[in-house]
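The values are calculated or read from the model by the stated rules, or taken from the named source; none is laboratory data. Keep in mind the model is a prediction, meaning the values are calculated, not measured. Using ideal geometry, Cβ is built from the backbone for each residue, glycine included, and neighbour counts are taken over all protein chains shown.
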């Protein structure tokens with residue numbers, strides 16, 4: 001797991017210097033995968049309808065409920081590597 005953790009940490013650092021800014025859908029996926037990998041399943045109440053950004057983030061994270069941290073890390077690393085190729 002430590003090799004995966006190192007690759008995940010490197011991918012997080014690389015996410016700040018991508019060749020182009022990903023669209024909002026991809027950014028939400030990255031956010032959700034990061035949160036799932038680092039904190040596990042989403043907890044708390046879903047934000048209200050006036051908080052559109054918070055609600056979108058919550059929904060993206062909730063969609064990954066049950067995904068293990070190692071799987072979320074691997075998906076995050078793979079997505080960052082794909083985005084770096086563009």
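Return yes or no: is residue 47 in contact (Cβ under 8 Å) with a residue 60 or more places away in the chain and over 18 Å from residue 4 (Cα atoms)? Answer is no for this residue.
Condition check ((1) in a helix (DSSP H, G or I); (2) free of Cβ contacts under 8 Å to residues at least 40 places away in the same chain; (3) closer than 19 Å to residue 8 by Cβ) across all residues:
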| residue | (1), (2), (3) |
| --- | --- |
| 41 | no, yes, yes |
| 76 | yes, no, yes |
| 79 | yes, no, yes |
| 82 | yes, yes, yes |
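Counting residues in the stretch 58-69 that are in contact with a helix residue (DSSP H, G or I) (Cβ under 6 Å, 6 or more places away or on another chain), farther than 23 Å from residue 2 by Cα and either in contact (Cβ under 8 Å) with a residue 24 or more places away in the chain or assigned to a helix (DSSP H, G or I) (or both) gives one or more. Only residues that are at pLDDT 95 or above and surrounded by fewer than 18 Cβ atoms within 10 Å (Cβ to Cβ): list them for the stretch 49-66, please. 50, 51, 52, 53, 54, 55, 56, 59, 62, 63, 65, 66 - these are the residues of the stretch 49-66 that are at pLDDT 95 or above and surrounded by fewer than 18 Cβ atoms within 10 Å (Cβ to Cβ).
Looking at the structure I just gave you, is residue 26 crowded, with 18+ Cβ neighbours inside 10 Å and in contact (Cβ under 8 Å) with a residue 12 or more places away in the chain? Answer is no for this residue. Of the residues that sit in the stretch 1-12 and are part of a helix (DSSP H, G or I) and loosely packed, with under 10 Cβ neighbours inside 10 Å, which one is modelled with the highest pLDDT? Of everything passing the filter in the stretch 1-12, 3 is modelled with the highest pLDDT.
Would it be correct to say that residue 11 is touching a helix residue (DSSP H, G or I) at 6+ places or on another chain (Cβ under 8 Å) and closer than 20 Å to residue 74 by Cα? Here the answer is yes, as residue 11 does meet what is asked.
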